[in-house]
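Below is one structure, written out as structure tokens; comments come after it.
The values are calculated or read from the model by the stated rules, or taken from the named source; none is laboratory data. Source: prediction; values computed, not measured. Here the Cβ positions follow ideal geometry from the backbone for every residue, glycine too, while neighbour counts run over all protein chains shown. Remember, those area values only see protein heavy atoms, side chains included, never the ligands or the DNA or RNA. Shrake-Rupley method; radii C 1.70, N 1.55, O 1.52, S 1.80 Å.
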Amino acid sequence: DSADLVRVAQDLFVVPGSPDTVERRALAATLRTGGALAHHSAAAWWGLPGYEVEPLHVMRFRPGTPGPPGLAIVHRPRRLLAEHLTEWRGVAVTRPTRALFDLAATAHPGRVARTYDHMWSRGLISTRSMDRCLAQLEGRGRAGVVLMRTLIDERRHLVQPTGSRQENRFEELNRRAGIPMLRRQVDVGDDEGWIGRMDFVGAQRRLIVEVDSDLHHAALSDARRDEERTRRLRADGWEVLRVSEHDLWHRAAWVVDELRAAWFRAPPVHGCTNRS
């Protein structure tokens, strides 16, 4: 019954008493404008230091009405592709590559360079993804393109960082859980064939832990692929725990508890009598 809900915008209601958080306001702004978080808001949503989600900046395709005023600053660029957008933490947002190009048009070059390097160190962008976005967006008079071309060329010699920082963080939490250490990067298959290379696999129990990165597990197609892999693993007798990169760094206690519980739910590996 709409009488039991609180209106936050036209055709948008929330449950009475629910907290008025930045996450709720970001969701409301993207739903009502039909857009995605962009610019400084997108950078903050991806967890980049030095940025705030508010004031909310939203980017949307040009056709249609701009949405109600007051919820967000709405940008309607001449060039916006569907592949520049994704969903992360339940809210539509521009991908890191696109957010960086948009920041380059307005932010100080030094700040853009630092943001580029932070995205690179986290594996949110690559030379290939930046080159692709540059080819899509470069054009006469577009602000920030010269800066982005320079930053990309200056960093071509760099080796893309591996997942070692993320893996080391997981292993730290593995030790906190007080269970045997899981093995990194193990190929797993079933009767149908190879399923994939798993992030962490138990040697004594049939436990698999997959760590979903911010970049590579945000899109709908990624989620469907992950669901199919998880289905096959569970059908083959594996206990599967999925955690996000965000969980590793911001919900460590939860990861430790879930990992410990999953370990004791997992059946022993055939021939292994270790009950730890």
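If you check every pair at least six apart or on different chains, which have Cβ atoms under 8 Å apart with a residue in region 29-58 that is open to solvent by 10 Å² or more (accessible area, probe 1.4 Å) first and a residue that is of a type in the set (Asp, Glu) and not in a loop (DSSP other than H, G, I, E, B) second? Pairs that qualify, where the first residue is open to solvent by 10 Å² or more (accessible area, probe 1.4 Å) and the partner is of a type in the set (Asp, Glu) and not in a loop (DSSP other than H, G, I, E, B), are HIS39/ASP102. Checked against the criterion of being within 22 Å of SER213 (Cβ to Cβ), under 21 Å from the mean Cα position of the chain (by Cα) and among the acidic types (Asp, Glu), the candidates GLU52, GLU87 yield just one match: GLU87.
Of the residues screened, VAL112 is not one that is open to solvent by less than 10 Å² (accessible area, probe 1.4 Å), under 20 Å from HIS246 (Cβ atoms) and in contact (Cβ under 8 Å) with a residue 24 or more places away in the chain.
For every residue, the table says whether it meets (1) buried (at least 19 other Cβ atoms within 10 Å of the Cβ); (2) without any contact (Cβ under 8 Å) to a residue 12 or more places away in the chain; (3) touching a strand residue (DSSP E or B) at 6+ places or on another chain (Cβ under 6 Å).
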position: ARG225; (1), (2), (3): no, yes, no
position: THR230; (1), (2), (3): no, no, yes
position: ALA252; (1), (2), (3): no, no, no
position: ALA266; (1), (2), (3): yes, no, yes
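Note on region 130-146: residues that are open to solvent by 40 Å² or more (accessible area, probe 1.4 Å) and touching a residue at least 12 places away in the same chain (Cβ under 8 Å) amount to 5. If the condition is being at pLDDT 85 or above and of a type outside the set (Val, Ile, Thr), then region 139-155 contributes GLY144, LEU147, MET148, ARG149, LEU151, ASP153, GLU154, ARG155.
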